[in-house]
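Every number in this text was worked out from the coordinates using simple rules, so none of it is lab data. This is a predicted model, so every value here is computed, not measured. Glycine also receives a Cβ, built like all others from the backbone with ideal geometry; neighbour counts cover every protein chain displayed.
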Ligand SMILES: [Zn+2]
């Protein structure tokens, strides 16, 4: 990590410059970057669609598969980019699976 005051190259993760003793902001910046890794938007959308398909059950035959698909896409995104929201995607898959299960029962009961 490069010191902003004297341009000395310091070991990564060091808090203070070995040459001039200046505080190395990079340490905090790394922490902030990790914190700012935000929740996967696709995971949020998939959960919203899953919840929406409970509310508008008539449309859930279309919405539930979309929610499952988006949740799977978001899980792949979360794994590759270390985003948050894995729980949301899993909840979305669980809700959608239950809805899909209900639809299967309804079809079997109807036929
Ligand atoms: Zn320095």
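Things worth noting here:
- Compared with the dominant principal axis of the Cα atoms in the chain, helix 60-81 is inclined by about 20°.
- Distance between the C-alpha centres of segment 93-111 and segment 49-64: 12 Å, rounded to the whole angstrom.
- Helix 86-110 vs. the chain, principal-axis angle (Cα, 0 to 90°, nearest 10): 10 degrees
- Among 74, 97, 46: highest mean-square fluctuation, GNM of the chain, C-alpha pairs under 10 Å: 97
- Remark: 11, 77, 87 ranked as 11, 87, 77, counting other beta-carbon atoms within 10 Å and listing the fewest first.
- Cα gyration tensor, the chain - rounded (a/c under 1.5), prolate or oblate: prolate
- Degrees, to the nearest 10: 26-36 long Cα axis against longest axis of the chain: 10 degrees
- For the chain, built as a Gaussian network whose Cα springs stay under 10 Å, the top-fluctuating residue of 48, 88, 70: 48
- Cβ-based exposure ranking for 4, 39, in which fewest neighbours within 10 Å come first: 4, 39
- Look at the alpha carbon pairs under 8 Å that are at least 6 residues apart: their mean separation over the length of the chain gives a relative contact order of 22 percent.
- The chain: most fluctuating residue of 43, 71, 22 per GNM, C-alpha cutoff 10 Å: 22
- Estimated 222 nm signal from helices in the chain, with DSSP H stretches of n ≥ 4 weighted -39500 (n - 2.57), rounded to 500: -22500 deg cm²/dmol
- Residue 14/residue 86 FRET efficiency (R0 30 Å; Cβ-Cβ; nearest 0.05): 0.40
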